[in-house]
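The structure appears below as structure tokens.
Rule-based calculations on the coordinates, nothing more; no lab input. Because the structure is a prediction, the values reported are computed rather than measured. In this analysis, Cβ positions are derived from the backbone assuming ideal geometry, glycine residues included, and neighbour counts consider all displayed protein chains.
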Amino acid sequence: MSGFQWWHTAVIYQIYPRSFMDGNGDGVGDLAGIISRLDYLQDLGIDAIWISPIYPSPMADFGYDVSDYTDIDPLFGDLATFDRLLEAIHRRGMRLILDWVPNHTSDEHPWFIESRASRENPRRDWYIWKDAKPDGSPPNNWRSFFGGLAWEWDATTEQYYLHLFDRKQPDLNWRNPEVKASMFETLRFWMERGVDGFRMDVVSFIIKDEQFRDNPVEEIVDDDVSDSNPIHREQRHIYDIDRPEVHDVMREIRAVIDAYPERVSIGEIWTEPLARWAEFFGQNGDELHLPFHFGLLFLPWQAQPIRVQIEALEAVLPPGAWPSNVLGSHDASRLATRFGPQAVRTAAMLLLTLRGTPVVYMGEEIGMVDGVIPADKIQDPQGINSGAELSRDPCRTPFQWSEVPYAGFSTVEPWLPVAEGYEQRNVAAQQVDPHSVLNLYKRLLAYRKSTPALQQGAYHTVTDTPDTCYAYLREYDGQRRLIVLSFADAEQTLSLDAIADRGKVAVSSGLDREGEDLDLSRLRLGAHEGLIIEI
């Protein structure tokens, strides 16, 4: 374990707090609800919990529009409840990671209220204000990721302010030293309280082009699967996001975090290509500890594209850098819906055996599917502004604890409808089924925790496999584990005796072949089956 920190070997579990557990009966998840379910997460084998924003907010973007960075929204609880949550997490040997939203605040944040009060206000330059063009139009062609232009006219001061997301989310001016100093203080506030790190929302967006030049217009390619939102592909985003100057600020953020021992910095980084994404580790490992790797989210569920993506990721990592892999999130269609129910088990094995820190989105461990949200119940501003097909509500439906009404999430109608099939697809039902997806996750997490090759070992692709299969080795200090995954609809037979003559099944995706001795010259692999093999 020399040189490894806790976050190298941890499995991180993302909680979308509105939808995890309602502790006070108002139909919305909260901190008390999370506290009541910590034993479940400990039993599952989770090492760290990342909670999406819980700060005071008007909820125009459900917490990603922050009106106070150093308090808790009454919807979720209060600081005393937060302290109880943190203590309970630490007592169970787990860590807590908070979401930090540095690109923008709510338009109801006191900073912005002052900023828009007058052009002479001392906080005017804390946000990005620009004059209209001579014809009255916005300063440039930048687009909001929630639809429409990224500029909002303020009649009081007769200027436009920038909002890369909702108009109620004005962008901070990170070129202003006072903004940086104030935002750094918000990080210190939570670390002084004992928080173990931060997931940083769209952190690569925080610096904009000084000249505010138009982005080049780019034609949308219909078969481009690199991004779920076509709005993102209307322009080449070379001036509004991912500016080279952002790396100077990233190093400053990292210095603040490094002043506190054993804290982790995780970044939501969508930058392409991978070589530019890898720059967020820093030249000397002095930026992010873990830039999230989202490359698997939008690929087809096929062996070769996934293998190619992982090999490309491994190829661009700077020396000493550590990857982090994601297969689900609160912003993407659920894994079981995106890839199909047949992929759920092999996806679990893939995520938890690749090199790097895996992030499990809540509900993936029971195979939750997207909910169906009627038009009149859409809550997500992206869906309201840009069309129901772009709503993120379907992947944010309430967690399914049991077969009782509202899936045991609440005793009253929840803020979003519960997804169909919860009567069978829930924690209570899967806990008593020895071959359930939930018990597969428990087995994988326990095996990973006890196997250094999976926690910190090197990765090597096994190339001599059919196109419908993906195999790789994880190796550490003489310990070798072979992972073989089938993406085929029919049984496969593989010849892997170039790796070893024989092996033994440690974990199978169906939890039905453990301990089986294998002749690797004729390895039988069922349709959509995965195996971890000790060799």
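The table below gives the values:
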{"item": "About the Cα centre, charge dipole magnitude for the range 1-109 (Lys/Arg +1, Asp/Glu -1 at Cβ), debye", "result": "600"}
{"item": "Global geometry of the chain, whether rounded, prolate or oblate, following the gyration tensor of its Cα atoms and the 1.5 cut on a/c", "result": "prolate"}
{"item": "Sorted by Cβ neighbour density within 10 Å, fewest at the top, the residues Thr337, Thr463", "result": "Thr463, Thr337"}
{"item": "Cα gyration tensor category, rounded, prolate or oblate, for the range 110-162 with a/c compared to 1.5", "result": "oblate"}
{"item": "Listed residue (Pro323, Ala498, Phe82) projecting farthest to the positive dipole end of the chain, Cβ model", "result": "Ala498"}
{"item": "Charged-residue dipole, Cβ positions (Lys, Arg, Asp, Glu), the chain about Cα centre, Debye nearest 20", "result": "1160"}
{"item": "Cα gyration tensor shape for the range 313-423, rounded if a/c is under 1.5, else prolate or oblate", "result": "prolate"}
{"item": "Using alpha-carbon coordinates, inclination of helix 177-193 to the longest axis of the chain, degrees", "result": "50"}
{"item": "Degrees separating the helix 246-258 axis from the principal Cα axis of the chain, which is the longest one", "result": "70"}
{"item": "Residues of type lysines that Lys133 reaches as a straight line, Cα spacing below 23 Å, ignoring anything fewer than 8 places off in the same chain", "result": "Lys168, Lys208"}
